[in-house]
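Trainee: What follows is a structure written as structure tokens; I'll ask about it next.
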Amino acid sequence: MEEGPVVLLSTFYRGRNNIMTASCTMSMDFSPMVGVMLGPWDCSYRALLKTRECVLAIPGADLLAKTVAIGNCSGAEVDKFAEYKLTPCPAAKVKAPLIGEALKNLECKLIKNQQRVPET
């Protein structure tokens, strides 16, 4: 089993930027696709389904404490860019913001939605 790095996933929805920490990421086959696992318990989940776009930001070791803290609070209650003093920067192809302090930002569009089907 091979997983990708912990990333910060940013969205823009209803006039608000948000960030979440995603620790379950993986590359998908040999194409430029990335899989990220999140669900309806995440504020970013609704934003991602509605806008179908996000930014995956790769944090450096200097962002370790902030990355953990971002994953332990809800964007429904906290402006995470302000709270953790991160810089939202305009992206070229999506409305979700780049994170200025990240090592790398990947602008992404949702192409597939694998929702879990409840067992009967």
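Trainee: What distance in nm separates the simple spin-label points at residue 38 and residue 78, each placed 7 Å from Cα in the Cβ direction?
Mentor: 1.5 nm
Trainee: Sticking with this one: How high is the FRET efficiency from residue 62 to residue 109, r the C-beta distance, R0 35 Å, rounded to 0.05?
Mentor: So, using R0 = 35 Å, E works out to roughly 0.75.
Trainee: Assuming a strict under-23 Å limit between Cα atoms, what lysine pair count do you get for the chain once near-sequence pairs (fewer than 8 apart, same chain) are dropped?
Mentor: 21
Trainee: Continuing with this model, one more query. In Å, what Rg and Dmax follow from the Cα atoms of the chain?
Mentor: Radius of gyration, then largest Cα-Cα span, for the chain: 13.8, 46 Å.
Trainee: HN-Hα J couplings of the range 48-62 from phi, Karplus 6.51/-1.76/1.60, θ = phi - 60°, integer Hz, Gly and Pro as x?
Mentor: Values, residue by residue: 5, 5, 6, 8, 6, 8, 6, 10, 9, 9, 9, x, x, 4, 5 Hz.
Trainee: Now a separate question. How many nm is it between the label spots at residue 49 and residue 87, if each spot is 7 Å from the Cα in line with the beta carbon?
Mentor: 3.5 nm
Trainee: In whole Å, what is the distance between the alpha-carbon centres of the range 1-28 and the range 33-72?
Mentor: Centre-to-centre (Cα) distance: 3 Å.
Each value in this text was obtained by applying a stated rule to the coordinates, not by laboratory testing. Here the structure is a predicted model, which means the values were calculated and not measured. Ideal geometry is used to build each Cβ from the backbone, glycine not excepted, and the neighbour counts take in all protein chains shown.
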